[in-house]
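> Structure provided below as structure tokens; questions to follow.
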Amino acid sequence: MARRWGSGTRILAAYLALALVTALVVVVGAAEQPVYGGAAPFGGTRFDELRAAPKASGWTLDLASAVAPGIPVECVVLRAGDVDAAHELVTATVPSSSPTGRFTACTRYASAVAARLVMVDPATGRVLWTRDLAGDLGLTSASVVWHASSTRGVVVVGVDALEGDDLVGLDVSTGRTRGRTSVPDPDDVINFAVVGDLVLTASPDADSAVTRYSLRRVDDVSDLVWTEETSSSVFPQLLSHRLLVPLPTGTVSVDGSTGRVTAWPHDLSRDTGVQVAGDRVFAVLPGAGVGLAPTLEAYRADGTVDWRYTAAGIAAVATSRDCVVVSRLGSTTTCLDPTTGRARWSADLPGVVEGTPPGATTSDIEIVAPVRTGDTTLRVSEVDAASGRVRFASVLPRGMVVAGQSRTVGYAIDAPDQASGSGRLSAFDLSSGRVLWTVSSVAPPVAAPHDTDYFDVWGGHLVALTGRGTVSELTTTTADGPRHGMLDR
């Protein structure tokens with residue numbers, strides 16, 4: 001005889017069934033929820049969040065007129081570069097004369113534009129300051145090269161002029177001159193690097209057998225701290241407060257404040273690869289004998305050994321937010337703990353390790369590889385730094401590079417194609433890898449390279465630059481006006 005349920009039992013069964021259905025909905029729903037990062041933007045620059053295809057609906061600046069007032073726009077080739085998230089420095093040159101003689105008339109303006117600098121606020125498009133170094137210094141300038149120390153707030157400009165060659169330090173915020181010095185060789189204003197407090201210049205001799213290196217202070221480039229001639233086969237490593245010089249007799253450290261030279265504990269000249277990340281030095285030491293594995297060594301600025309990691313076939317080393325990434329022959333990728341050197345995981349991940357993208361709010365590691373040999377596409381894999389698991393992969397046209405990430409969107413840009421003259425900008429979701437949108441620039445029917453519209457990133461903002469000399473911020477337009485997405489300003 002079958003047992004009959006009472007009313008209370010039936011009610012309890014109904015509740016249990018409802019609870020089970022609710023639990024299933026919660027579990028399935030949770031599985032479908034996208035997962036994004038919550039860390040501070042990597043590198044300190046926060047990128048705009050544009051999940052829909054943007055248009056040039058933000059601020060617009062007549063950049064050619066700001067950099068080269070009074071000069072025909074067809075004679076102005078603009079060049080821009082990030083100083084930091086709040087400063088974009090723009091210079092200009094004139095186009096090279098074409099075989100048809102199209103730009104021959106532009107050569108008359110070369111010296112007028114060569115030493116003009118304009119600093120722009122990427123958030124507003126406002127010109128912060130303008131300098132004409134040729135006019136200010138009484139020079140007939142041929143060209144300028146610049147590098148910035150964002151930590152010291154200084155842009156160092158190398159000015160190559162008919163009257164001589166100068167290094168000039170400019171205040172990032174105001175454009176005011178912070179220091180100036182004449183240098184003996186044009187190479188000094190072309191071949192130089194800026195890191196932290198220091199400026200290193202390099203001037204090879206006529207045979208490129210010997211190079212004269214000079215170390216200066218970024219706050220006052222006239223302060224020559226140290227200079228030395230050495231073999232051109234020696235490659236110094238510039239840190240924020242010191243210079244490491246791997247001489248044949250041993251590596252020496254040059255104090256960036258005093259120029260005092262002391263022995264450095266490790267001989268970098270024996271290593272097959274040296275990489276500086278911040279004030280840490282990573283060096284790969286070959287195996288001590290035939291068939292013995294190389295060792296990756298991590299040093300502090302003073303030469304103290306933090307850790308050593310030995311493995312066969314070390315081919316490349318890259319740094320990310322939470323890993324020192326070692327690529328080995330084949331396709332093995334290993335994440336090492338930056339503090340201890342302990343291997344967290346190893347995985348079969350073919351491709352080139354790019355580290356953590358600018359602006360990323362995760363600790364992910366980006367790896368780029370062709371989809372297939374000879375293919376015209378690239379696979380961009382986002383690897384979880386904690387586990388080595390591939391979170392997602394996006395397929396993008398070959399030639400594109402990931403320019404940065406917001407919290408939920410990654411951005412990839414390529415330069416204008418020489419055949420079509422058009423450039424592209426794509427966005428992909430940082431949870432699924434799905435391509436959200438792609439926009440292309442349009443080239444004139446007969447275009448020189450600088451006639452073509454193209455895309456760029458200025459301080460975390462996507463911009464479009466045109467052959468007409470204007471630059472416009474790309475935003476997502478709504479009924480309420482331009483928006484930067486989830487992180488509206």
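Derivation of every value follows stated rules applied to the coordinates shown; laboratory data play no part. Since this is a predicted model, take the numbers as computed values, not measurements. In this analysis, Cβ positions are derived from the backbone assuming ideal geometry, glycine residues included, and neighbour counts consider all displayed protein chains.
> Residue 316's amide H: which non-local residues (gap 5+, or another chain) put their own amide H closer than 5 Å, with H modeled 1.01 Å from N in plane and none for Pro or chain starts?
327
> Could you sort 218-224, 360-366 so that the peptide with the highest average Cβ count within 10 Å comes first and the rest follow in order?
Highest mean packing first, the order is 360-366, 218-224.
> OK, next. Give me the distance in nm between label points sitting 7 Å out from Cα along the Cα-to-Cβ direction at residue 386 and residue 206, one decimal.
Modelled inter-label distance: 6.4 nm.
> Quick one: compute the contact order of segment 90-163, relative version, from alpha carbon pairs under 8 angstrom and 6+ residues apart, as a percent.
The normalised contact order for segment 90-163 reaches 23 percent.
> May I pose another question? Once amide H atoms are placed 1.01 Å from N in the peptide plane, what residues at a sequence separation of 5 or more from residue 392, or on another chain, have their amide H within under 5 Å of its amide H?
Sorted by chain and number, the residues that satisfy this are 382.
> While we're here: Taking the Cβ-Cβ separation of residue 352 and residue 62 as r and a Förster radius of 51 Å, what is the calculated FRET efficiency to the nearest 0.05?
So the FRET efficiency works out to roughly 0.85.
> Lys/Arg Cβ at +1, Asp/Glu Cβ at -1, dipole of the chain taken about the Cα centre: which of 66, 317, 158 is farthest positive-ward?
Positive-end residue among those listed: 317.
> Then there is this: Evaluate the distance, in nm, between pseudo-label points positioned 7 Å from the Cα of residue 280 and of residue 262 along their respective Cα→Cβ axes.
Roughly 2.3 nm, to one decimal.
> Full-extension gain between residue 36 and residue 174, please, as 0.36 nm times their residue separation minus the C-alpha to C-alpha distance.
45.9 nm
> Under a plain spin-label model, where a point goes 7 Å from the Cα along Cα-to-Cβ, how far apart in nm are residue 104 and residue 339?
Those two pseudo-labels are separated by 6.8 nm.
> Find the relative contact order for the chain and round it to a whole percent, using C-alpha pairs within less than 8 Å whose residues are 6+ positions apart.
It comes to 14 percent, rounded to a whole number.
> Using 1/(1 + (r/R0)^6) with R0 = 35 angstrom and r between the beta carbons of residue 468 and residue 393, what's the FRET efficiency to the nearest 0.05?
FRET efficiency, residue 468 to residue 393: 0.40.
> Convert each backbone phi in segment 140-147 into a coupling constant with the Karplus relation 6.51 cos²θ - 1.76 cosθ + 1.60 (shift: θ = phi - 60°), then list the ³J(HN,Hα) values in order as whole Hz, x for Gly and Pro.
Per-residue couplings from phi come out as 9, 7, 9, 6, 9, 10, 9, 9 Hz.
> Okay, moving on. From the C-alpha gyration tensor of the chain, pull out the three semi-axes of the equivalent ellipsoid (sqrt of 5λ each), sorted largest to smallest, in whole Å.
That gives 46, 35, 20 Å for the three semi-axes.
> Taking the Cβ of residue 303 as the center, what net charge do the other residues with Cβ under 12 Å away carry, scoring Lys and Arg +1 and Asp and Glu -1?
Result for the local shell: -2.
> Could I ask something else about it? For residue 208, what charge total do you get from the other residues with a beta carbon under 14 Å from its beta carbon, if Lys and Arg give +1 and Asp and Glu give -1?
So the environment of residue 208 carries a net charge of -4.
> May I pose another question? With θ taken as phi - 60° and the coefficients 6.51, -1.76 and 1.60, list the Karplus ³J(HN,Hα) couplings across segment 379-385 in order, rounded to whole Hz; mark glycine and proline as x.
For segment 379-385, the Karplus curve yields 9, 9, 9, 9, 10, 5, 5 Hz.
> Moving on. Apply the Karplus parameterisation 6.51 cos²θ - 1.76 cosθ + 1.60, with θ equal to phi minus 60°, to every residue of segment 358-363 and state each ³J(HN,Hα) to the nearest whole Hz, in sequence, with x for glycine and proline.
These are the phi-based 3J(HN,Hα) values: x, x, 4, 9, 10, 9 Hz.
> Now for a different question. In whole Å, how far is the Cα centre of segment 302-346 from that of segment 177-234?
If you average the Cα positions of each part, the centres end up 33 Å apart.
> Related question: Could you list which residues have their amide H under 5 Å from that of residue 198, counting only those 5 or more apart in sequence or on another chain, with H placed in the peptide plane?
Amide H neighbours of residue 198, under 5 Å, 5+ apart: 218.
> May I ask for the angle, rounded to the nearest 10°, between helix 7-32 and the longest principal axis of the chain, with both axes built from Cα atoms and the value confined to 0 to 90°?
That works out to roughly 20 degrees.
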